[in-house]
Each structure stands twice: as C-alpha cells, then as structure tokens.
Amino acid sequence: MLILYCYFLVVTVVSFVLVGYDKYLARNKKRRIAENSLLLWVLFGGSIGTGFGMWVFKHKTSKRSFLWKFWSIVLLQFLIVLALFYTDTICIY
C-alpha cells in the first residue's frame, strides 16, 4: 500500500509541476507541452496535482475542450474508486 501512496504522490507532484512549467512556457512564447501529455498525467493519477496546478497558475481554466477532457477523466477515476470501494458488497452474477 505504501508503494501506491508513493506512486500517487510522485504523479501528483509531477503533474502539478508540468502545469506550472507549461504556464511558464506560454508566458514566454516558447514551445508548449502538448495537451495530450498533460491529460495523460491526469489519466495516470495526477488529477489532484493538475487541478491544483490549474487553480494556482490560472492555467487551462478557460479552454473548454481541455476542461471537458479533464473532468471526464476525473469522473471516470471517481467511478472506478467508487466501484472498487463497493466491490465487496456488489454481487456479480
């Protein structure tokens, strides 16, 4: 279980840093990090870090296509966690 906590901690920190770095690149008009790369980190479990980074850096908060994809992944992750939490009480026939 400790490995799982460490994994999510690392992925959360990396995703937070990536959002901040992408904001830095955007301000300096340099080549940016692809949205798909940011969303891949969200999918890997960095939804908290990315969400917090979006809030702290005020980045990607007005781009609707990114927000739809981000919140879809968060909803999917929530449903998976909910299903895993209630798996012992659900009988599948």
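Some observations on this one:
- Whichever residue in region 34-64 is open to solvent by 20 Å² or more (accessible area, probe 1.4 Å) and assigned to a loop (DSSP other than H, G, I, E, B) and, among such residues, is nearest to residue 11 (Cα to Cα): 34
- Considering each residue of region 71-85 in turn, at least one proves to be more than 16 Å from the chain's Cα centre (by Cα) and either open to solvent by 90 Å² or more (accessible area, probe 1.4 Å) or touching a residue at least 40 places away in the same chain (Cβ under 8 Å) (or both).
- Any pair with Cβ under 9 angstrom, 6 or more apart, that starts in region 31-46 at a residue that is under 22 Å from residue 80 (Cβ atoms) and touching a residue at least 24 places away in the same chain (Cβ under 8 Å) and ends at one that is open to solvent by 60 Å² or more (accessible area, probe 1.4 Å) and among the small types (Gly, Ala, Ser): none
- Pairs, first on the phi > 0 side of the Ramachandran plot and at pLDDT 95 or above in region 1-23, second open to solvent by 60 Å² or more (accessible area, probe 1.4 Å) and not charged (D, E, K, R), C-beta under 7 Å, six or more apart: none
- Put simply, of 56, 11, 81, 19 the only residue that is touching a His at 6+ places or on another chain (Cβ under 9 Å) and not hydroxyl-bearing (Ser, Thr, Tyr) is 19.
- Qualifying residue in region 15-22 (condition: outside any loop (DSSP other than H, G, I, E, B) and polar (S, T, N, Q)): yes
The values are calculated or read from the model by the stated rules, or taken from the named source; none is laboratory data. Just so you know, these numbers come straight off a predicted model, no measurement behind them. Glycine gets a Cβ as well: all are built from the backbone with ideal geometry, and neighbour counts include every protein chain shown. Heavy atoms of the whole protein, side chains included, go into the accessibility calculation; ligands, DNA and RNA do not. Shrake-Rupley method; radii C 1.70, N 1.55, O 1.52, S 1.80 Å.
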